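These notes are about the structure you will find just below.
The values are calculated or read from the model by the stated rules, or taken from the named source; none is laboratory data. Because the structure is predicted, anything quoted here is derived from the model rather than measured. Every residue, glycine as well, gets a Cβ built from its backbone with ideal geometry; the counts of neighbours run over all protein chains shown. What goes into the accessible areas is simple: the full protein's heavy atoms, side chains included, and nothing from ligands, DNA or RNA. Shrake-Rupley method; radii C 1.70, N 1.55, O 1.52, S 1.80 Å.
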Amino acid sequence: EPEVTQTPSHQVTQMGQEVILRCVPISNHLYFYWYRQILGQKVEFLVSFYNNEISEKSEIFDDQFSVERPDGSNFTLKIRSTKLEDSAMYFCASRARQGNYGYTFGSGTRLTVV
Amino acid sequence: GENVEQHPSTLSVQEGDSAVIKCTYSDSASNYFPWYKQELGKRPQLIIDIRSNVGEKKDQRIAVTLNKTAKHFSLHITETQPEDSAVYFCAAKAAGNKLTFGGGTRVLVKP
(Lines give C-alpha, C1' and ligand atoms only; values in the text may rest on other atoms or scores of the structure.)
Protein backbone atom coordinates (compact mmCIF):
# COMPACT_ATOMS: atom_id res chain seq x y z
CA GLU A 1 0.00 0.00 0.00
CA PRO A 2 1.43 3.45 -0.90
CA GLU A 3 2.65 5.52 2.03
CA VAL A 4 3.35 9.13 2.88
CA THR A 5 6.94 9.31 4.12
CA GLN A 6 8.19 11.89 6.62
CA THR A 7 11.71 12.70 7.75
CA PRO A 8 13.13 13.04 10.28
CA SER A 9 11.02 11.03 12.71
CA HIS A 10 12.30 13.14 15.60
CA GLN A 11 14.01 16.52 15.63
CA VAL A 12 15.32 18.45 18.59
CA THR A 13 16.13 22.09 18.01
CA GLN A 14 17.11 25.15 19.97
CA MET A 15 14.56 27.90 20.38
CA GLY A 16 14.98 30.48 17.62
CA GLN A 17 16.47 28.04 15.15
CA GLU A 18 14.97 27.22 11.78
CA VAL A 19 13.71 23.73 11.06
CA ILE A 20 12.57 22.06 7.88
CA LEU A 21 10.29 19.06 8.04
CA ARG A 22 10.18 16.90 4.97
CA CYS A 23 7.43 14.83 3.42
CA VAL A 24 7.14 12.67 0.34
CA PRO A 25 3.44 12.37 -0.52
CA ILE A 26 1.98 9.50 -2.48
CA SER A 27 3.11 9.94 -6.06
CA ASN A 28 -0.23 10.46 -7.83
CA HIS A 29 -1.75 12.61 -5.11
CA LEU A 30 -2.52 16.24 -5.85
CA TYR A 31 -3.50 17.75 -2.48
CA PHE A 32 -1.02 18.11 0.36
CA TYR A 33 -1.47 19.09 3.98
CA TRP A 34 0.35 19.72 7.19
CA TYR A 35 -1.31 19.08 10.52
CA ARG A 36 0.12 19.21 14.01
CA GLN A 37 -0.72 17.50 17.25
CA ILE A 38 0.49 18.83 20.57
CA LEU A 39 1.03 15.97 23.01
CA GLY A 40 -2.28 14.65 24.30
CA GLN A 41 -4.37 17.01 22.21
CA LYS A 42 -6.30 16.79 18.98
CA VAL A 43 -4.93 17.01 15.46
CA GLU A 44 -5.00 20.59 14.16
CA PHE A 45 -4.96 21.78 10.57
CA LEU A 46 -2.08 24.02 9.53
CA VAL A 47 -2.12 24.39 5.76
CA SER A 48 -3.30 22.84 2.52
CA PHE A 49 -1.44 23.04 -0.77
CA TYR A 50 -2.65 22.41 -4.30
CA ASN A 51 -1.33 23.28 -7.74
CA ASN A 52 1.87 24.74 -6.27
CA GLU A 53 0.19 27.20 -3.98
CA ILE A 54 -1.41 27.41 -0.56
CA SER A 55 -5.15 26.86 -0.86
CA GLU A 56 -6.03 27.31 2.81
CA LYS A 57 -4.23 28.00 6.08
CA SER A 58 -5.19 28.22 9.71
CA GLU A 59 -4.49 30.98 12.20
CA ILE A 60 -1.66 28.84 13.58
CA PHE A 61 0.14 29.12 10.23
CA ASP A 62 1.60 32.58 10.74
CA ASP A 63 4.57 34.29 9.08
CA GLN A 64 6.97 31.95 10.85
CA PHE A 65 5.69 29.05 8.77
CA SER A 66 6.12 28.36 5.09
CA VAL A 67 5.60 25.42 2.78
CA GLU A 68 7.25 24.47 -0.44
CA ARG A 69 7.16 21.77 -3.05
CA PRO A 70 10.68 22.22 -4.40
CA ASP A 71 10.55 19.33 -6.85
CA GLY A 72 8.04 16.78 -8.05
CA SER A 73 8.18 14.65 -4.94
CA ASN A 74 9.00 16.55 -1.75
CA PHE A 75 6.69 18.75 0.29
CA THR A 76 8.36 20.71 3.10
CA LEU A 77 7.26 22.69 6.11
CA LYS A 78 9.68 25.34 7.37
CA ILE A 79 9.46 27.00 10.74
CA ARG A 80 11.66 30.08 10.58
CA SER A 81 12.31 30.80 14.24
CA THR A 82 11.07 28.04 16.49
CA LYS A 83 9.33 28.69 19.79
CA LEU A 84 8.83 26.35 22.72
CA GLU A 85 5.13 26.11 21.85
CA ASP A 86 6.00 24.73 18.41
CA SER A 87 6.89 21.45 20.09
CA ALA A 88 4.44 18.93 18.67
CA MET A 89 4.03 16.02 16.31
CA TYR A 90 3.75 17.28 12.74
CA PHE A 91 1.86 15.13 10.26
CA CYS A 92 1.95 15.45 6.52
CA ALA A 93 -1.05 14.14 4.59
CA SER A 94 -2.04 13.83 0.96
CA ARG A 95 -5.07 12.89 -1.08
CA ALA A 96 -5.58 11.98 -4.67
CA ARG A 97 -8.00 14.31 -6.38
CA GLN A 98 -11.08 16.45 -6.11
CA GLY A 99 -13.95 14.30 -4.90
CA ASN A 100 -11.67 11.67 -3.44
CA TYR A 101 -11.69 12.49 0.23
CA GLY A 102 -9.39 9.74 1.46
CA TYR A 103 -6.53 11.43 3.29
CA THR A 104 -3.37 9.42 3.93
CA PHE A 105 -1.25 10.57 6.85
CA GLY A 106 2.49 10.17 7.19
CA SER A 107 4.09 8.72 10.30
CA GLY A 108 4.90 12.15 11.66
CA THR A 109 7.89 14.18 12.84
CA ARG A 110 8.14 14.80 16.54
CA LEU A 111 9.58 18.29 16.96
CA THR A 112 11.02 19.20 20.33
CA VAL A 113 12.07 22.80 20.86
CA VAL A 114 14.37 23.34 23.84
CA GLY B 1 -15.48 27.73 10.72
CA GLU B 2 -16.26 24.11 11.48
CA ASN B 3 -16.25 22.94 15.09
CA VAL B 4 -16.30 19.25 16.00
CA GLU B 5 -17.10 18.05 19.52
CA GLN B 6 -16.41 14.46 20.55
CA HIS B 7 -17.67 12.46 23.53
CA PRO B 8 -16.69 10.75 25.71
CA SER B 9 -13.05 11.68 26.16
CA THR B 10 -12.32 8.28 27.71
CA LEU B 11 -14.18 5.01 27.40
CA SER B 12 -13.46 1.80 29.22
CA VAL B 13 -15.23 -1.36 28.08
CA GLN B 14 -15.00 -5.04 28.81
CA GLU B 15 -13.69 -7.23 26.01
CA GLY B 16 -16.60 -8.39 23.88
CA ASP B 17 -18.80 -5.42 24.73
CA SER B 18 -19.67 -2.61 22.33
CA ALA B 19 -18.18 0.86 22.29
CA VAL B 20 -19.93 3.97 20.99
CA ILE B 21 -18.30 7.33 20.37
CA LYS B 22 -20.33 10.37 19.38
CA CYS B 23 -19.43 13.54 17.51
CA THR B 24 -21.31 16.68 16.63
CA TYR B 25 -20.36 19.21 14.02
CA SER B 26 -21.39 22.79 13.42
CA ASP B 27 -21.13 23.43 9.68
CA SER B 28 -24.13 22.09 7.76
CA ALA B 29 -22.00 22.19 4.59
CA SER B 30 -19.78 19.38 5.92
CA ASN B 31 -20.03 16.41 3.61
CA TYR B 32 -17.35 13.92 4.65
CA PHE B 33 -16.85 12.33 8.06
CA PRO B 34 -13.87 10.03 8.63
CA TRP B 35 -12.87 8.20 11.79
CA TYR B 36 -9.23 7.66 12.67
CA LYS B 37 -7.57 5.30 15.10
CA GLN B 38 -4.30 6.46 16.61
CA GLU B 39 -2.01 4.25 18.63
CA LEU B 40 0.56 5.83 20.90
CA GLY B 41 3.19 7.71 18.90
CA LYS B 42 1.78 6.57 15.58
CA ARG B 43 -0.02 8.23 12.70
CA PRO B 44 -3.81 8.50 12.54
CA GLN B 45 -5.13 5.55 10.57
CA LEU B 46 -8.42 5.82 8.71
CA ILE B 47 -10.75 3.07 9.89
CA ILE B 48 -14.03 4.08 8.31
CA ASP B 49 -15.61 7.10 6.69
CA ILE B 50 -19.02 8.23 5.55
CA ARG B 51 -20.27 10.83 3.13
CA SER B 52 -23.26 13.05 3.68
CA ASN B 53 -25.43 11.22 1.15
CA VAL B 54 -25.34 8.04 3.26
CA GLY B 55 -26.89 7.45 6.66
CA GLU B 56 -24.96 4.38 7.75
CA LYS B 57 -21.91 2.37 6.76
CA LYS B 58 -20.54 -0.85 8.16
CA ASP B 59 -17.23 -2.66 7.87
CA GLN B 60 -17.06 -5.89 9.85
CA ARG B 61 -17.12 -4.88 13.55
CA ILE B 62 -17.12 -1.16 12.86
CA ALA B 63 -20.08 0.97 11.83
CA VAL B 64 -20.70 4.68 11.48
CA THR B 65 -24.06 6.44 11.50
CA LEU B 66 -24.76 9.98 10.36
CA ASN B 67 -27.69 12.21 11.23
CA LYS B 68 -27.44 15.27 9.02
CA THR B 69 -30.46 16.97 10.51
CA ALA B 70 -29.03 16.82 14.01
CA LYS B 71 -25.46 17.25 12.75
CA HIS B 72 -24.06 14.31 14.60
CA PHE B 73 -22.33 11.09 13.72
CA SER B 74 -21.27 8.09 15.74
CA LEU B 75 -18.78 5.25 15.66
CA HIS B 76 -19.87 1.84 16.85
CA ILE B 77 -17.40 -0.93 17.57
CA THR B 78 -18.92 -4.31 18.36
CA GLU B 79 -17.28 -7.31 20.02
CA THR B 80 -14.38 -5.21 21.20
CA GLN B 81 -10.94 -6.76 21.46
CA PRO B 82 -7.84 -5.61 23.38
CA GLU B 83 -6.25 -4.47 20.09
CA ASP B 84 -9.08 -1.97 19.71
CA SER B 85 -7.50 0.00 22.57
CA ALA B 86 -6.33 3.32 21.11
CA VAL B 87 -7.36 6.93 20.72
CA TYR B 88 -10.13 7.46 18.19
CA PHE B 89 -10.70 10.76 16.42
CA CYS B 90 -13.69 11.85 14.41
CA ALA B 91 -13.32 14.55 11.79
CA ALA B 92 -15.44 16.55 9.40
CA LYS B 93 -14.73 18.19 6.09
CA ALA B 94 -16.76 21.21 5.03
CA ALA B 95 -16.09 23.50 2.10
CA GLY B 96 -12.45 23.65 1.23
CA ASN B 97 -9.88 20.97 1.83
CA LYS B 98 -9.22 20.71 5.49
CA LEU B 99 -10.36 18.18 8.04
CA THR B 100 -11.47 19.48 11.43
CA PHE B 101 -10.85 16.92 14.15
CA GLY B 102 -12.69 16.19 17.36
CA GLY B 103 -10.86 16.10 20.66
CA GLY B 104 -10.38 12.32 20.64
CA THR B 105 -11.64 9.39 22.73
CA ARG B 106 -9.23 7.16 24.58
CA VAL B 107 -10.69 3.66 24.42
CA LEU B 108 -9.47 0.98 26.78
CA VAL B 109 -10.66 -2.57 26.25
CA LYS B 110 -10.17 -4.64 29.37
CA PRO B 111 -9.54 -8.36 28.87
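Give the stretch B:1-19 a look and list any residue that's among the aliphatic types (A, V, I, L, M) and either open to solvent by 70 Å² or more (accessible area, probe 1.4 Å) or within 12 Å of another protein chain (Cβ to nearest Cβ) (or both), or say none. Please lay out each step first, then the result.
First, the residues of the stretch B:1-19 that are among the aliphatic types (A, V, I, L, M): B:4, B:11, B:13, B:19.
Scanning the stretch B:1-19 gives a single hit, B:Val4.
From the list B:Val64, B:Val20, B:Val4, B:Val13, exactly one residue is among the β-branched types (Val, Ile, Thr), at pLDDT 95 or above and within 29 Å of A:Cys23 (Cα to Cα). Which is it?
Going through B:Val64, B:Val20, B:Val4, B:Val13 in turn, the sole match is B:Val4.
Among the residues that make up the stretch B:100-110, is at least one of them more than 8 Å from chain A (Cβ to nearest Cβ) and in contact with a Cys (Cβ under 9 Å, 6 or more places away or on another chain)?
Yes, the stretch B:100-110 contains a residue that is more than 8 Å from chain A (Cβ to nearest Cβ) and in contact with a Cys (Cβ under 9 Å, 6 or more places away or on another chain).
So which of B:Glu56, B:Glu83 is within 24 Å of A:Glu3 (Cα to Cα) and among the acidic types (Asp, Glu)?
The match here is B:Glu83.
Residue by residue through the stretch B:32-47, note down the ones that are open to solvent by 10 Å² or more (accessible area, probe 1.4 Å), at negative phi and of a type outside the set (S, T, N, Q).
B:Lys37, B:Glu39, B:Leu40, B:Lys42, B:Arg43, B:Leu46, B:Ile47
If A:Gly102 passes every condition in (1) within 12 Å of chain B (Cβ to nearest Cβ); (2) surrounded by 15 or more Cβ atoms within 10 Å (Cβ to Cβ) but one, which one does it miss?
If we test A:Gly102 against (1) within 12 Å of chain B (Cβ to nearest Cβ); (2) surrounded by 15 or more Cβ atoms within 10 Å (Cβ to Cβ), just (2) comes out false.
Select from the stretch B:85-99 the residues that are outside any loop (DSSP other than H, G, I, E, B) and farther than 23 Å from B:Gly41 by Cβ and write down the one among them that is farthest from the other protein chains (Cβ to nearest Cβ).
Filtering first and then ranking leaves B:Ala92.
Scan (1) open to solvent by 70 Å² or more (accessible area, probe 1.4 Å); (2) charged (D, E, K, R); (3) away from every other protein chain (no Cβ under 14 Å) for the single condition B:Lys57 breaks and write down its number.
The one condition B:Lys57 does not meet is (3).
How many of the residues in the stretch A:18-39 are within 24 Å of A:Val114 (Cα to Cα) and either surrounded by 12 or more Cβ atoms within 10 Å (Cβ to Cβ) or under 11 Å from the mean Cα position of the chain (by Cα) (or both)?
Final tally of qualifying residues: 10.
At least 3 residues that are of a type in the set (A, V, I, L, M, F, W, C) and in contact (Cβ under 8 Å) with a residue 12 or more places away in the chain in each: list the strands (runs of 3 or more DSSP E) lying fully within chain A that qualify.
Per the criteria, A:19-24, A:43-50, A:75-79, A:88-95.
When you scan the stretch A:40-89, how many residues do you find that are away from every other protein chain (no Cβ under 14 Å), open to solvent by less than 30 Å² (accessible area, probe 1.4 Å) and more than 22 Å from A:Thr7 (Cβ to Cβ)?
The qualifying residues number 0.
Right, B:Lys22: open to solvent by 60 Å² or more (accessible area, probe 1.4 Å), more than 25 Å from A:Ala96 (Cβ to Cβ), assigned to a strand (DSSP E or B) and away from chain A (no Cβ under 14 Å) or not?
yes
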